[in-house]
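Here's the structure we're looking at; comments come further down.
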2 protein chains.
Amino acid sequence: MVSYEEKELLAERLVTRNLYKLKQLSALLQPEELAEVINTSKEIDFTKVFQVLDAEKAVKTFEHLDFDIQVELLQSFQVDQLSSTLNAISPDDRTALFEQLPPATLQKYLSLLSDEERKTANQLLQYPEESIGRLMTPDFISVKEDWTVQQVLDHIRNFGKDSETLNVIYVTDNKGFLLDDIKVRDFLLAPLQQKVSELMDHQYASLNAKDDQESAIEVFKQTDRVALPVTDFNGLLLGIITIDDVVDVIEEEDTEDIQKFGGTEALEDAYLKVSFREMVSKRAGWLIILFLGEMLTASAMGYFTNELNRAVILALFIPLIISSGGNSGSQAATLIIRAMALGELTIEQWWLVMRRELLSGLVLGSILGIIGFLRIAAWTLFTDMYGPHWMMIAFTVSFSLVGVVIFGTLSGSMLPLLLRRLGVDPAISSAPFIATLVDVTGLVIYFSLAYFFLKGLLL
Amino acid sequence: MVSYEEKELLAERLVTRNLYKLKQLSALLQPEELAEVINTSKEIDFTKVFQVLDAEKAVKTFEHLDFDIQVELLQSFQVDQLSSTLNAISPDDRTALFEQLPPATLQKYLSLLSDEERKTANQLLQYPEESIGRLMTPDFISVKEDWTVQQVLDHIRNFGKDSETLNVIYVTDNKGFLLDDIKVRDFLLAPLQQKVSELMDHQYASLNAKDDQESAIEVFKQTDRVALPVTDFNGLLLGIITIDDVVDVIEEEDTEDIQKFGGTEALEDAYLKVSFREMVSKRAGWLIILFLGEMLTASAMGYFTNELNRAVILALFIPLIISSGGNSGSQAATLIIRAMALGELTIEQWWLVMRRELLSGLVLGSILGIIGFLRIAAWTLFTDMYGPHWMMIAFTVSFSLVGVVIFGTLSGSMLPLLLRRLGVDPAISSAPFIATLVDVTGLVIYFSLAYFFLKGLLL
């Protein structure tokens, strides 16, 4: 394993024009590590590195490179190297790369594939984006029910080389329909003369090629397989997906949720890699929508100009009150959105959530209300800024806090559930979104209570 | 694979007192599926279900149950069943369960283990919480350099039954120091007479038992292994961890980050499972801190009471301006925190980030500023609410927006980097935290610009 410091050192030493030295250094690293070093260092001339790698290591390294480096590297290749690389990389990694290419380049690259590989590539590209089909590879080992364990092991030894994994072996009938999946451990532990059929339990989990990638996460978590078979609607075995691809999917999905939750559209690539233009446009959309929403606060306050004119003191607490609503709402929304994403919570349970959040809002709002009251009371001991009616002002602020926090927790928790119910991604009910929603209502609550407590005194 | 609807149906049918029917139904399900059904339905009498399961299936099912159900189930067992279950479950799952027990119960359960299992359990519990040691299992297959492939396969067939995985085989020297890890595929594809030493490349990734679990994620992503060896500081092979455990770690870490980012401490368990008391206390802490911080806005505005008295119109735009700063800051913070968590960004790159965010803030702030200006101009056409100096008011609002948004993007992006530099988890610079920070500054920017544009006119 290469540590961070070693990587820095190696990256520095890989910046050399001496091909012999490059070859020596590259030999020290596993393909995945070499790819990692190239991905993180901008100074390495990776086209040079690829000149010194042998064909197999080059392909393995290539598969682990970032897309932008893959694209650049392919452009630097001569036609024969380009063609052999494209044919050699595994079908699932190739699909992921092809997704990123402009149509003209894609057509050119497809034409360089062998007939068989082109057929595979075209088939995989037909599945919808973000579908399981796009993650799948058709390289797997399948065996028949009436074989012996010995026959299976021989078959693996002869034909297993290109299979993406040998950890799980698939049993199919003569037409290719999936009958069972068997872990290789069962073959390794079984007597050599035992029949495959005796190892079968006909209980297997499979994925549908057209389903969303997110659904694969749940299935991998429930079954303890490192690979799952993918079938079409009728049960015909099309390919497999391996757990390492799913690890990437989890991180991507979580990143998307987190970014949406922060009030921005999800970025397509790493923060420092997306263009400035893309980043600003992904952020501007929501920022403008929130801004337009927040304009309603100016309108709402427009209605209370008379009250404000008579008691400017009321203005002092506006940020405090609306932000408390926003904060409590943002807490509730995070907890609910994440619980739904993890499958811990379904929309049918909205009533449980509502009861919980109503009570939480009451308790949390009361805590803040009491602190707020004490603060105003304490200041009154030393200054005269709140005037003779300080206690009524303190009541207004305290009760507003209770009301606003309850409204915050309720909207923060119910809105994601409502959005899910409407078929919209609940992650768009972001912290800023909830805050904006609560701000307008918070002002109305505050001024209504002010009217109630201070009418005839200040108002 | 059991779909959601089927699961509902099975769960309903498992609510029966007829033991024979229970036995039939349980036989239809894989252990993982049965556990899933029990975990999600509250009505099933799981103690009954466990009466009808055979020993092996009971253990496998037990390993996939939620902790609270595991604990309850163990309490219902007679001593002999309790003892056999505790001895049979795999060491890593047992450690995870033991972590949840009160000390008295833990001591009792430890005393029920065989000498060997107790030694293992005690060793695993000595590793710090959240460390790799806590995830590891000492059940693995190790072979020697001078063996042939045939000997390895025979060894697996004889001794592999209890190994957590057979997908990766470990080569150790006579003292148990790790020499290499070899995927089982290499043995399956190699001629039977080949020596283990010929398959070795002496390049392997290993984890340190005392390291944080988070570090395992990175290593699994870089290497394409489904299991990784865990060693002590000297390289002595202690155990292995498998990728399915890491999938759980990723989701836990992401949940923690997301919850912190929403301005609450991370919950210990699922939203509906934590006690009301725990949930409120996890939320109250931050809410109070933010509230105290936000009180500074009241103090800040206290300094501007004279200005407000003379131009109450200024109060109308306060929520709009401070929330725009908070929103843009929350966007920036999310992007930076996530990029750091994924290793896409290091603190050394702060200068790149700062340049990017300064520019983003300028562009985004200008967009909002222009919209704000147009809004005030448009309203002036129809009402007289902004008076004769509407244009100066509009300038104040517009320039404040630019200033506040730039301040928001800068603090949102720099604060997480600063926290990381200080060794604090950057995820605590949550959306609400940034918003509160920006609110106070936003007010100062706004009133300073108001003074500049409106002095001698309204002020």
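The values are calculated or read from the model by the stated rules, or taken from the named source; none is laboratory data. Please read these numbers as outputs of a predicted model, since none were measured by experiment. Because the Cβ atoms are built from the backbone with ideal geometry, glycine has one as well, and the counts that use them run over all protein chains shown.
Brief remarks on what is shown
- Residue in region B:71-89 that is in contact with an Asp or Glu (Cβ under 8 Å, 6 or more places away or on another chain), under 22 Å from B:Ala270 (Cα atoms) and surrounded by 14 or more Cβ atoms within 10 Å (Cβ to Cβ) present: no
- Scanning region A:261-270 for residues that are of a type in the set (A, V, I, L, M, F, W, C), crowded, with 19+ Cβ neighbours inside 10 Å and over 17 Å from B:Gly343 (Cβ atoms) yields a total of 1.
- Which listed residue is more than 12 Å from chain A (Cβ to nearest Cβ), modelled with pLDDT under 95 and out of contact with any Pro (no Cβ under 6 Å at 6 or more places or on another chain), from B:Leu381, B:Leu352, B:Leu342: B:Leu381
- Within region B:159-189, being in contact with a Gly (Cβ under 8 Å, 6 or more places away or on another chain) and of a type outside the set (A, V, I, L, M) holds for B:Phe177, B:Arg185.
- Complete set of residues in region A:182-193 that are in contact with a Ser or Thr (Cβ under 8 Å, 6 or more places away or on another chain) and either within 10 Å of chain B (Cβ to nearest Cβ) or within 30 Å of A:Glu56 (Cβ to Cβ) (or both): A:Arg185, A:Leu192
- Selection of region A:345-403 for residues being surrounded by fewer than 17 Cβ atoms within 10 Å (Cβ to Cβ), within 30 Å of B:Lys42 (Cα to Cα) and acidic (Asp, Glu) yields only A:Glu348.
- Taken over region B:89-100, the criterion of being in contact with a helix residue (DSSP H, G or I) (Cβ under 6 Å, 6 or more places away or on another chain), not polar (S, T, N, Q) and not in a helix (DSSP H, G or I) is satisfied by B:Ile89 alone.
- Tally of residues being more than 7 Å from chain A (Cβ to nearest Cβ) and aliphatic (A, V, I, L, M) across region B:300-332: 6
- Within the option set B:Leu290, B:Leu272, B:Leu267, being at the interface with another protein chain (Cβ under 9 Å from one of its Cβ atoms) and closer than 30 Å to A:Asp384 by Cβ holds for one residue only, B:Leu290.
- Checking each residue in region A:107-138 for being outside any helix (DSSP H, G or I), free of Cβ contacts under 8 Å to residues at least 60 places away in the same chain and not hydroxyl-bearing (Ser, Thr, Tyr) picks out A:Leu112, A:Leu113, A:Gln126, A:Glu129.
- Cβ pairs under 6 Å, 6+ apart, first in region A:195-222 and closer than 19 Å to A:Asp248 by Cβ, second of a type in the set (A, V, I, L, M) and part of a loop (DSSP other than H, G, I, E, B): A:Val219/A:Ala205
- Set side by side, the residues A:Thr297, A:Thr242, A:Thr223, A:Thr231 differ, and just one is under 26 Å from B:Ala227 (Cβ atoms) and at pLDDT 85 or above, which is A:Thr242.
- Exactly one residue among A:Leu418, A:Leu443, A:Leu410 is under 22 Å from A:Tyr386 (Cα atoms) and either at pLDDT below 95 or part of a helix (DSSP H, G or I) (or both), and that residue is A:Leu443.
- In region B:195-212, the residues that are closer than 27 Å to B:Leu125 by Cα and within 13 Å of chain A (Cβ to nearest Cβ): B:Tyr204, B:Ala205, B:Ser206, B:Leu207, B:Asn208, B:Asp211
- Candidate set from region B:87-113 (those that are touching a strand residue (DSSP E or B) at 6+ places or on another chain (Cβ under 7 Å) and of a type outside the set (Ser, Thr, Tyr)); member that is nearest to B:Val249 (Cα to Cα): B:Asp92
- Any hit, region B:399-406, residues being more than 19 Å from B:Leu314 (Cα to Cα) and either at pLDDT below 95 or not small (Gly, Ala, Ser) (or both): yes
- Selected residue (criterion: farthest from the chain's Cα centre (by Cα)) from residues of region B:213-240 that are within 11 Å of chain A (Cβ to nearest Cβ) and part of a strand (DSSP E or B): B:Thr231
- Lone qualifier among A:Phe187, A:Phe177 - being under 22 Å from B:Val152 (Cα atoms), at pLDDT 90 or above, of a type in the set (Phe, Trp, Tyr) and outside the structural domain of A:Ala341 (by TED's automatic domain parsing): A:Phe187
- Test result for A:Ile376, assigned to a helix (DSSP H, G or I), within 13 Å of chain B (Cβ to nearest Cβ) and without any contact (Cβ under 8 Å) to a residue 24 or more places away in the chain: yes
- In region A:241-260, the residues that are buried (at least 21 other Cβ atoms within 10 Å of the Cβ), over 11 Å from the mean Cα position of the chain (by Cα) and at the interface with chain B (Cβ under 7 Å from one of its Cβ atoms): A:Ile243
- B:Val152 satisfies every condition listed in (1) surrounded by fewer than 19 Cβ atoms within 10 Å (Cβ to Cβ); (2) closer than 14 Å to A:Leu189 by Cβ except (1).
- Filtered residues of region B:254-311 (kept if under 26 Å from B:Ile217 (Cβ atoms) and outside any helix (DSSP H, G or I)): B:Gly262, B:Gly263, B:Thr264, B:Glu265, B:Ala266, B:Leu267, B:Glu268, B:Asp269, B:Ala270, B:Tyr271, B:Lys273, B:Val274
- Residue pairs whose Cβ atoms lie under 7 Å apart, sitting 6 or more positions apart in sequence or on different chains, and linking a residue in region B:152-164 that is more than 8 Å from chain A (Cβ to nearest Cβ) to a partner that is polar (S, T, N, Q) and in a loop (DSSP other than H, G, I, E, B), are B:Glu164/B:Ser90.
- Pairs are defined by a Cβ separation below 8 Å, a sequence spacing of at least 6 or placement on different chains, a first member in region B:8-28 that is under 22 Å from B:Ala55 (Cβ atoms), and a second member that is assigned to a loop (DSSP other than H, G, I, E, B) and aliphatic (A, V, I, L, M); the pairs so defined are B:Leu14/B:Ile44; B:Ser26/B:Leu53.
- Cβ pairs under 6 Å, 6+ apart, first in region A:441-459 and in contact (Cβ under 8 Å) with a residue 12 or more places away in the chain, second buried (at least 22 other Cβ atoms within 10 Å of the Cβ) and of a type in the set (Gly, Ala, Ser): A:Gly442/A:Gly325; A:Ile445/A:Ser400; A:Ile445/A:Gly403; A:Tyr446/A:Ser400; A:Leu449/A:Ser400
- Residue within region B:35-49 that is at pLDDT 85 or above and within 11 Å of chain A (Cβ to nearest Cβ) present: yes
- In region B:38-88, the residues that are among the basic types (Lys, Arg) and part of a helix (DSSP H, G or I): B:Lys48, B:Lys57, B:Lys60
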